[in-house]
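Beneath this line is the structure, given in structure tokens, with notes to follow.
No lab work stands behind these numbers, since they all come straight from the coordinates. The shown structure was predicted, so the numbers you read here are calculated from the model rather than taken from an experiment. All Cβ positions, even for glycine, are placed from backbone atoms using ideal geometry, and neighbour counts span all protein chains on display.
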């Protein structure tokens, strides 16, 4: 049963002994309090594109009930427009992440990568994309990727494909690109629709023949490219 969330009511609520308990506001639909074992947090909740989205506003004590209700009203209004506030926040965070930072985050997320593979990632991106290292990921467009692929491919098509295949997982890990859509052919088998989707924006890790590529080969290809 919904109850108006007030300071006195919220402070009378005990912390949960386990899990989480939700108390919903009777005045503003979608505004609620989430009570856990260590604290009480205001949230806003509604559907965006038929999917329930929950947005954290902040802790009780940092926000008063009225402040949180006003914030919830703004968030809920945004959600009625079909916008997921969590996606907006994620994009804003990603906006300042550079390729260099994203690469380190990728290594943290993919702790199972072998040292040789980590070396290959660093060597390949340092060789073919050195001027992008300090550039925010969201500024690296598909057009830029396509042009760089063409430039590298003038020396070696295999290395051009490899560079893009190393770039894609790093971008995807940090949320700056989405998974490519696949199209099903009449044969029932699915495949990417174009070279751009299949290779420039492939979210798969590099094929086995590239995993742990020999440092000497990468070094030689880099030297050839930089001449």
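In table form, for the structure just shown:
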{"quantity": "Residue 100/residue 51 FRET efficiency (R0 41 Å; Cβ-Cβ; nearest 0.05)", "calculated": "0.75"}
{"quantity": "When the range 1-75 is reduced to its Cα atoms, the Kirkwood hydrodynamic radius in Å", "calculated": "12.4"}
{"quantity": "The range 15-91, relative contact order in percent, only Cα pairs under 8 angstrom and at least six apart counted", "calculated": "23"}
{"quantity": "Cα shape, the range 40-165, gyration tensor, a/c 1.5 rule", "calculated": "prolate"}
